[in-house]
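Below is one structure, written out as structure tokens; comments come after it.
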Amino acid sequence: MTNNMNIASPEKHYQVIVVGAGITGLTTAIHLKEAGANVHILEQKDRIGGQIASFREGDFVFESGPNTGVVNCPEVIELFELSDTKLLTPNPNVKRRLIWKNNQFHQLPSNMVQGLTTSLFTWKDKFRILGEPWRKPGSNPDESVADLVRRRMGKSFLDYAINPFLSGVYAGNAETLITRYALPKLYNLEQDYGSFIRGAIKKAHQPKSEREKKVTKEIFSAPNGLQTLTDSIATKIGKECFTLGTKDCHIWPINKQKEPNETVANAQKVSESSPKWLISYVVEGETHYISSDYVVTTTGAYQLKELLPFVDKEATESFDSLRYAPVIQVAVSISDIKGHTPLSYGGLIPSHSGEPTLGILFPSSCYTGKAPDGGALFTVFLGGVHHPEVLNMSNKEIEKIIHHDLYNMLNLPKEVTIDALHIFRHRKAIPQYEINSGQRFKYIHQLEAQYEGLYLGGNMIGGIGLADRIKQGTTIAKAIIKSNSFF
Ligand SMILES: Cc1cc2nc3c(=O)[nH]c(=O)nc-3n(C[C@H](O)[C@H](O)[C@H](O)COP(=O)(O)OP(=O)(O)OC[C@H]3O[C@@H](n4cnc5c(N)ncnc54)[C@H](O)[C@@H]3O)c2cc1C
């Protein structure tokens, strides 16, 4: 195709086309639908949900992607309400998080007394943490998470708190993740308040609106797994609003780019008079052409070159340079745990331990209804940027690691036997917010400013957590609703 292509007359016109039926695209679409927009979603797979996928076997509820989100923005609660989904909150008696050190799991401190008595951190660093509020803020905006934490809290805090946390969230490397991109809230605490501790205390004491009070910081799931949420959203949007199994999707601007001095009034006229986007895609061998006023992409960065052929080389090279951590997720069911149910959320493993395992979650301890009475469910994450080689291991080799994790690391007795073990390979699991992120964000903002009606979302920008995705989808929908007068 070229820019001068003969535009076949589109079969259909939609106000908004969303590419990708993961949680970001679904959140965008449900809010737009609610506002009365004519929205349509194109999805290359033959299922809805993206990385979220749950299934049931007997009384076990397995996840092959994310297991749990965190309610760290009100948009999460609002999405559950809007989609009529029950929010599953964690068992109140399960609060402990475990960290692997010197061949055993230790409890991560959750208060001052535990912080002083824990053997995870050195005495030097415990005193160092007490002095954190008085330490000078850093001046390097591109400081890595590792450098920032070593500077403010000390090496043992990096090794046994932040490093395992980053293994769990990013499957990433603290030395290469850049704080202002990967952990912007932490970065802003130092920038705005001069200290993490001082900033956290001040923020905790700020008055909160009713909406802000919805932010419990608790973890969440849904009764039959997280897919209950994406399924409910899809039902609310309506089956007729999805085209699944699309291939070779390309998006072209029809009209023109925004003129640098174009007034809002003129831009509005364009949006009212003619569509701005032509979209082509193939389903079952047949090519389709549709048009729209707005286009929202929510795919991985590596898909954008093909999806947006009009984008110049520098921008697509920047999108292609985004590194993704590979992750293998293994879900293990045990129908008789013989009283060895772990009373914890899960255990995380620092990268320097040499273990290929990033962490082990105990979903049936966190949430009721994930396993039958007397049984247990474990989710083990392997690989990440430190151990990409695990992606090429055979199922047998992976099973060997899982046996080591359950029987040697978690110390389950041999008479506790595994019922089922499901292995899910994610070659491009988690985008790494490294030093090239600033350039990627710049190109995204430039393209959105240059092409009217174009929104580039997905987890290449705005955070990788489920709450980040829900917040971004809501923000994009609100921006479209605000900029438009015809729905
Ligand atoms: C193994 C794993 C575990 C995780 N665990 C957690 C967790 O516990 N907690 C948490 O908060 N986050 C977790 N995450 C991260 C979180 O799941 C993701 O960031 C989030 O689900 C991404 O949602 P999304 O809609 O942006 O992208 P996706 O879910 O990837 O959806 C994008 C959709 O776009 C479709 N698509 C791509 N290209 C095209 C195209 N050309 N045409 C049409 N469709 C296209 C894809 O098929 C996909 O359905 C985890 C991720 C993984 C992989």
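The values are calculated or read from the model by the stated rules, or taken from the named source; none is laboratory data. Values in this document were obtained by computation on a predicted structure and should not be read as measured data. Cβ coordinates were reconstructed from backbone atoms using ideal geometry, including for glycine residues, and neighbour counts include every protein chain displayed. These area figures cover heavy atoms from the full protein model, side chains too; ligands, DNA and RNA do not enter into them. Shrake-Rupley method; radii C 1.70, N 1.55, O 1.52, S 1.80 Å.
Kindly check whether there is at least one residue in the range 160-173 that is open to solvent by less than 20 Å² (accessible area, probe 1.4 Å), closer than 22 Å to ALA429 by Cα and not in a helix (DSSP H, G or I). Yes, because at least one residue in the range 160-173 is open to solvent by less than 20 Å² (accessible area, probe 1.4 Å), closer than 22 Å to ALA429 by Cα and not in a helix (DSSP H, G or I).
Can you give me the number of residues within the range 12-63 that are touching a strand residue (DSSP E or B) at 6+ places or on another chain (Cβ under 6 Å) and assigned to a loop (DSSP other than H, G, I, E, B)? Within the range 12-63, residues that are touching a strand residue (DSSP E or B) at 6+ places or on another chain (Cβ under 6 Å) and assigned to a loop (DSSP other than H, G, I, E, B) number 4. A residue that is open to solvent by less than 10 Å² (accessible area, probe 1.4 Å) and at pLDDT 95 or above occurs nowhere in the range 184-207. For the range 166-192, a residue qualifies if it is within 16 Å of the ligand (Cβ to nearest atom), of a type outside the set (S, T, N, Q) and in contact with a strand residue (DSSP E or B) (Cβ under 7 Å, 6 or more places away or on another chain), and the qualifying residues are GLY168, TYR170, ALA171, GLY172, LEU177. Of the candidates LEU421, LEU406, the single residue that is more than 20 Å from GLY168 (Cα to Cα) and either in a strand (DSSP E or B) or more than 16 Å from the ligand (Cβ to nearest atom) (or both) is LEU421. Yes or no: the range 302-319 includes at least one residue that is modelled with pLDDT of 95 or more, in a strand (DSSP E or B) and either over 30 Å from SER280 (Cα atoms) or not small (Gly, Ala, Ser) (or both). The answer is no; no qualifying residue exists. Contact map, the range 442-465: residues that are under 23 Å from PRO184 (Cα atoms) paired with residues that are within 9 Å of the ligand (Cβ to nearest atom) and in a helix (DSSP H, G or I), Cβ distance under 6 Å, separation 6+ or inter-chain. Pairs shown: GLY457/THR24; GLY457/GLN472; GLY458/THR24; GLY462/ASP468; GLY462/GLN472. Restricting VAL295, VAL282 to residues that are open to solvent by 10 Å² or more (accessible area, probe 1.4 Å), over 25 Å from SER64 (Cβ atoms), of a type in the set (Val, Ile, Thr) and within 14 Å of the ligand (Cβ to nearest atom) narrows the list to VAL282. Of the residues making up the range 53-77, those that are within 13 Å of the ligand (Cβ to nearest atom) and open to solvent by 30 Å² or more (accessible area, probe 1.4 Å) number 4. So, ALA467, is that one under 29 Å from PRO141 (Cα atoms), in contact with a strand residue (DSSP E or B) (Cβ under 8 Å, 6 or more places away or on another chain) and assigned to a helix (DSSP H, G or I) or not? Yes. Here are some residues: LEU412, LEU454. Which one is open to solvent by less than 40 Å² (accessible area, probe 1.4 Å) and under 30 Å from VAL61 (Cβ atoms)? Result: LEU412 is the single residue among LEU412, LEU454 that is open to solvent by less than 40 Å² (accessible area, probe 1.4 Å) and under 30 Å from VAL61 (Cβ atoms).
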